[in-house]
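So the structure is just underneath, and the comments pick up after that.
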Amino acid sequence: MNNYENMVILNPELDDESVQRIVDRVKNIVEGKSGKMDSIEKHGRKRLAYKVGKYFEGLFLQFIYTADPLCIKDIEKSYRLDDSVLKFSILRTK
């Protein structure tokens, strides 16, 4: 098991219910593979440094969790298949 930090930028037009659906999906993937979600932070809407798609703003989420490396592929796949995810980054921490 490794520690990970995951930052996600979402479509700024999403409602709270859609954002919660994404949070629940990531949490279920991590905990479904014997991982542990340490923290979930919603940083809110922020201006982007450059235009992503047609958006100048995004909703920022940060996840910190402990998970198996194979779990990361499933999380990345779910992000890539979701059109509301503009950008994401998953970093392994110590």
If the requirement is being touching a helix residue (DSSP H, G or I) at 6+ places or on another chain (Cβ under 8 Å) and under 26 Å from GLU13 (Cβ atoms), which of these qualifies: LEU86, LEU48, LEU81, LEU59? LEU59
Within the stretch 16-24, is there a residue that is surrounded by 16 or more Cβ atoms within 10 Å (Cβ to Cβ), hydroxyl-bearing (Ser, Thr, Tyr) and either more than 15 Å from the chain's Cα centre (by Cα) or under 17 Å from PHE88 (Cβ atoms) (or both)? no
Cβ-Cβ distance below 6 Å, separation of 6 or more or different chains: which pairs start in the stretch 44-65 with a residue that is modelled with pLDDT of 95 or more and assigned to a strand (DSSP E or B) and end on one that is exposed (fewer than 14 other Cβ atoms within 10 Å of the Cβ) and among the polar types (S, T, N, Q)? ILE64/SER39
Across the stretch 37-75, what is the total count of residues that are surrounded by fewer than 17 Cβ atoms within 10 Å (Cβ to Cβ), among the β-branched types (Val, Ile, Thr) and within 15 Å of MET7 (Cβ to Cβ)? 3
By residue number, the members of the stretch 66-94 that are more than 19 Å from VAL23 (Cβ to Cβ) and either basic (Lys, Arg) or outside any helix (DSSP H, G or I) (or both) are ASP68, LYS73, ARG92, THR93, LYS94
Would you mention how many residues in the stretch 1-34 are without any contact (Cβ under 8 Å) to a residue 24 or more places away in the chain, outside any loop (DSSP other than H, G, I, E, B) and within 20 Å of GLY58 (Cβ to Cβ)? 5
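The values are calculated or read from the model by the stated rules, or taken from the named source; none is laboratory data. Computed from a prediction, not measured in an experiment: that's the story for all the values here. Here the Cβ is made from the backbone with ideal geometry for all residues, glycine too, and neighbour counts use every protein chain on show.
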